[in-house]
1. If a residue must be within 16 Å of the ligand (Cβ to nearest atom) and either under 21 Å from the mean Cα position of the chain (by Cα) or not in a loop (DSSP other than H, G, I, E, B) (or both), how many such residues does the stretch 104-135 contain?
2. With the checklist (1) within 15 Å of the chain's Cα centre (by Cα); (2) within 30 Å of Lys85 (Cα to Cα) in hand, flag the one item Gly215 doesn't pass.
3. Please list, ordered by residue number, the strands (runs of 3 or more DSSP E) wholly in the stretch 136-255 having 3 or more residues that are touching a Phe, Trp or Tyr at 6+ places or on another chain (Cβ under 9 Å) and crowded, with 22+ Cβ neighbours inside 10 Å.
4. Would you confirm whether or not the stretch 309-324 contains a residue that is free of Cβ contacts under 8 Å to residues at least 40 places away in the same chain and away from the ligand (no atom under 15 Å from the Cβ)?
5. Among the residues of the stretch 259-279, write down those that are more than 13 Å from the chain's Cα centre (by Cα) and among the polar types (S, T, N, Q).
6. So, Pro224, is that one in contact with a Ser or Thr (Cβ under 6 Å, 6 or more places away or on another chain) and over 27 Å from Val152 (Cα atoms) or not?
7. Residues in the stretch 259-292 that are open to solvent by less than 20 Å² (accessible area, probe 1.4 Å), among the aliphatic types (A, V, I, L, M), more than 21 Å from Leu245 (Cα to Cα) and within 16 Å of the ligand (Cβ to nearest atom): how many?
8. Filter the stretch 284-324 for residues that are touching a strand residue (DSSP E or B) at 6+ places or on another chain (Cβ under 9 Å) and in a loop (DSSP other than H, G, I, E, B) and give the result.
Amino acid sequence: MAFPEHRPRRLRRTPALRDLARETRLSPADLVDALFVVEGSAVREPIGSMPGVSRLSVDQLGDEAKRIADLGLAGVMLFGIPAHKDARGTSGYDPDGVIARAIRAMKRAAPELVVIADICLCEYTDHGHCGVYENGEVDNDQTLPLLARSAVVAAEAGADVVAPSDMMDGRVAAIRRALDAAKLEATPILSYAAKYASAFYGPFREAAESAPKSGDRRGYQMDPANAREALRELATDLEEGADMLMVKPAMPCLDIVRAARERFDVPLFAYQVSGEYSMLQAAIERGWLEAPRAVDESLLAIRRAGADRVISYFAKDFARRHRG
Ligand code: PBG
C-alpha cells in the first residue's frame, strides 16, 4: 500500500492519536540515579563539569535516599570518593570506608530503595587505575581478589546489587565465588560487561578525582571500534554468573544496546555517562538545545534501542517532571 492510501500522518494528527500509537514509554521506574559520596559532614559540593550534580557527604544520604525513593526511581548507583587514596585502593573494601558507610546510611533511611554499589578500584587508588598497577600496567589477577573483597564488603553493608565496572578478565566469576563463600548467594551482579574506553567519562573523573595519573584505560576497557567483541564480553559475563548486563556509554553505543537486547534475555542496562550529561547541559545552558525535550529524547532513545533500565544523572530531574 502506498500513498495516497498510506498516510502515516493520520496517526500523528493529535496528541491523543500520537499517544495511542506510541511504541516506547519512559517512566521514573526505568531510571537509576547515580551519586558521588565523599567524606566529611554537611557537604553538598557542586561538580564543576556536571552542572546540577553534587558530591554529598554520608550524613546527607538519608534525605537523598528518601527523595530518590519518593520519586519512584528504580534505584541508585553509588560511587565512593575517599579522603585517602593508596596504591591498592584499600578504602574501597574497608567495612568502615566511605562506600560501606554510604550504603548503610541509604538503606537505613529507605530500606525499599535498591542500592547498587559500583565495584572498581579507580575511585580509591592514588594512581587512578582500576586495579593493581605495576610496571605501567594493571595486573589482572592480582586485582581480582581486591574486587571480590569490595563486593563482599558492599553486600555486607546492605547493597542490593553489586556492579563491577573495572573490566578485569574473570572478575564476575571471582566476585560470584566470593559472595557465595560469604553466604551472600542472594546478592545479584550487574556487570558493566561492555564498557568502552570512552572519552565521555571525562567529567566523572573530575567528580571522582579518578583520572589515571599516567597512561590510560585502553589496556582494559574496550576499543570503541569493536562491536562483535562487546557481544563476546556480554556472553562471557553471563557465563561467569552475571545476573544483569550493562552497556556503557549509552548514546555512542546504541547499536551495541540493540544487539545485546536481541541476543540476551537478562535485564539490560545502559549508562548515560557523565560526558553525555555534561554535553547536553552545556548545550542547554547556551540555549543551543531545548530543555527538557533534548534530555527526554536522549533517554527515550536509549530505551528504544533496547535497554530495560537507564542509569542517568538526569534521573531525578526526569522523575520530578513525570511524576505518576
Ligand atoms: C569506574 C567507573 C567509571 C564510570 C563508572 N564507573 C569511570 C571510568 O571507567 O573511567 C564512568 C561513569 C560516568 O562517566 O558517568 N571505573
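The values are calculated or read from the model by the stated rules, or taken from the named source; none is laboratory data. All values reported here derive from a predicted model rather than from experimental measurement. Glycine also receives a Cβ, built like all others from the backbone with ideal geometry; neighbour counts cover every protein chain displayed. These area figures cover heavy atoms from the full protein model, side chains too; ligands, DNA and RNA do not enter into them. Shrake-Rupley method; radii C 1.70, N 1.55, O 1.52, S 1.80 Å.
1. 17
2. (1)
3. The strands (runs of 3 or more DSSP E) meeting that bar are 190-195, 244-248.
4. yes
5. Ser278
6. When the stated conditions are applied, Pro224 does not pass them.
7. 1
8. Gly306, Ala307, Asp308, Tyr313, Phe314
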